Amino acid sequence: MSKIPVTKAGQSVLADIMTKAVQKAALEGDVDQDLIIICLIALLIGGRYTDRDLYAPILKHGCVLETCEITDLALQVIARHAVVTAPYRRTSTSRNDQSYQIGEMIGRILGADDYIDRIDTASVLEHFNGNELWKIAIDQRLVSDPISDEAKPAKYSATKLREAMIGKMPNWRPTSFATFTEDLS
């Protein structure tokens, strides 16, 4: 039972008035940058059961967090929620294309291309067909460029070529955060 004797309709009226006050405070108030970040973090993760560990410092300390604590918390939220979604998995009719590309945008902003693990591994190369492997091997100067497909040396079957490429292209990146959607769509 509510401590304030008001009807459910009255609760809705009060909630609307308070929502307008939040909007007015955000748009017209003199809000400190740290408080803005705390509010954005709370807005993003508040109420998510899986993020209760990130939300706990805000509940416990509110607006008295130090700037370094706020920064650490914000980076934890970014690391947890900035997800890159493969184009073939973007099937929800309730989400637009841009919502699927948030992880890519954040990756561009953070310069995450510099942090991509090596891709010249068996687990990645197994997903490229023989012709594409051949193009990659030529581009990476692992083999010489033949005049035609018939000129490919027999020793470079897709399986053998793939095995020969593993660990030989430390800087090879088939895509980047700036071109991921376009490269794979």
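Structure above, values below:
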| read-out | value |
| --- | --- |
| Index of the failed condition, LEU27 passing every other in (1) assigned to a helix (DSSP H, G or I); (2) over 23 Å from SER99 (Cα atoms); (3) open to solvent by less than 90 Å² (accessible area, probe 1.4 Å); (4) modelled with pLDDT of 85 or more | (3) |
| Residue under evaluation ILE4, criteria (1) outside any helix (DSSP H, G or I); (2) touching a helix residue (DSSP H, G or I) at 6+ places or on another chain (Cβ under 9 Å); (3) modelled with pLDDT of 85 or more, criterion not met | (3) |
| Flag if SER12 is open to solvent by less than 90 Å² (accessible area, probe 1.4 Å) and not in a helix (DSSP H, G or I) | no |
| Residues that are of a type in the set (A, V, I, L, M) and assigned to a helix (DSSP H, G or I), drawn from segment 68-87 | ILE70, LEU73, ALA74, LEU75, VAL77, ILE78, ALA79 |
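The values are calculated or read from the model by the stated rules, or taken from the named source; none is laboratory data. As the structure is a prediction and not an experimental result, all values here were calculated from the model. Cβ atoms come from the backbone with ideal geometry, glycine included; neighbour counts cover every protein chain shown. What goes into the accessible areas is simple: the full protein's heavy atoms, side chains included, and nothing from ligands, DNA or RNA. Shrake-Rupley method; radii C 1.70, N 1.55, O 1.52, S 1.80 Å.
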